[in-house]
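Notes to accompany the following structure.
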Amino acid sequence: MSTTQETIKLKVTGGASHRDIGHFQLSLPLARELSQTSLMDFLRDQGISIASSCYGEGICAKCKIQINKKVQLSCQVKLAELTDEETFITIDYL
């Protein structure tokens, strides 16, 4: 049995500024309440601005980000869905 804990590394970059916005490590398995948190809410809790006028309903599409170069709505992605060991997130307007 391994005693090392698996982690997911999130690297957030601004698409407009090309600056590193933040680096986060999440230990696996995620606690149930954290695993169902949207990526939008997680990033906001970390102090990263995510645009949204529909409050996470997936209607306005302002929270569009790139996750490993795939465009997605951050309000529709749950932390539990991030399974790559290293995830690159680009927020175009930052």
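The table below lists the values:
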{"read-out": "Hits among aspartates and glutamates - C-alpha to C-alpha of K62 under 16 Å, sequence gap 8 or more where chains match", "value": "D41, D92"}
{"read-out": "³J(HN,Hα), Karplus 6.51/-1.76/1.60, whole Hz, each residue of the stretch 16-29, x for Gly, Pro", "value": "7, 8, 6, 9, 6, 9, x, 10, 9, 10, 10, 7, 9, x"}
{"read-out": "Of the GluC sites (Glu not before Pro) in the stretch 1-81, those whose Cβ has at most 11 other Cβ within 10 Å and which sit in DSSP loop", "value": "E6, E57"}
{"read-out": "Derived scalar couplings ³J(HN,Hα) [the stretch 73-80; Karplus, 6.51 cos²θ - 1.76 cosθ + 1.60; whole Hz; x for Gly, Pro]", "value": "8, 5, 6, 9, 9, 8, 4, 4"}
{"read-out": "Longest DSSP-loop-exposure-free segment, trypsin sites (Lys or Arg not before Pro), the chain, at most 13 other Cβ within 10 Å", "value": "20-68"}
{"read-out": "Distance cut-off 22 Å, percentage of C-alpha pairs in the chain lying past it", "value": "24 percent"}
{"read-out": "Nonlocal amide H pairs with G15, under 5 Å, H built at 1.01 Å", "value": "I91, D92, Y93, L94"}
{"read-out": "Protein accessible area in the chain, 1.4 Å probe - carbon and sulfur %", "value": "47 percent"}
{"read-out": "Three-way shape label, the stretch 5-53, alpha-carbon gyration tensor, a/c 1.5", "value": "oblate"}
{"read-out": "Selected from T83, T13, T37 as most flexible by GNM, with the chain as the system and alpha-carbon contacts under 10 Å", "value": "T83"}
{"read-out": "Modelled FRET efficiency - R0 25 Å, E85 with A31, Cβ distances, 0.05 increments", "value": "0.85"}
{"read-out": "Within a Gaussian network of the chain (alpha carbon springs, distance under 10 Å), most fluctuating of S53, S74, S38", "value": "S53"}
{"read-out": "Choice from C54, C63, C75 with maximal GNM fluctuation in the chain (Cα, 10 Å cutoff)", "value": "C54"}
{"read-out": "Isolated Cys residues of the chain, judged by Cβ distance under 4.7 Å to other cysteines", "value": "C63, C75"}
{"read-out": "Of all DSSP beta bridges in the chain, antiparallel share, percent nearest 5", "value": "70 percent"}
{"read-out": "Å² of accessible area per residue within the chain, as computed with a 1.4 Å probe and no ligands counted", "value": "64 Å²"}
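The values are calculated or read from the model by the stated rules, or taken from the named source; none is laboratory data. Everything quoted here is computed from the prediction, not taken from an experiment. Cβ atoms come from the backbone with ideal geometry, glycine included; neighbour counts cover every protein chain shown. Note: accessible area is taken over every heavy atom of the protein model, side chains too, but ligands, DNA and RNA are not part of it. Shrake-Rupley method; radii C 1.70, N 1.55, O 1.52, S 1.80 Å.
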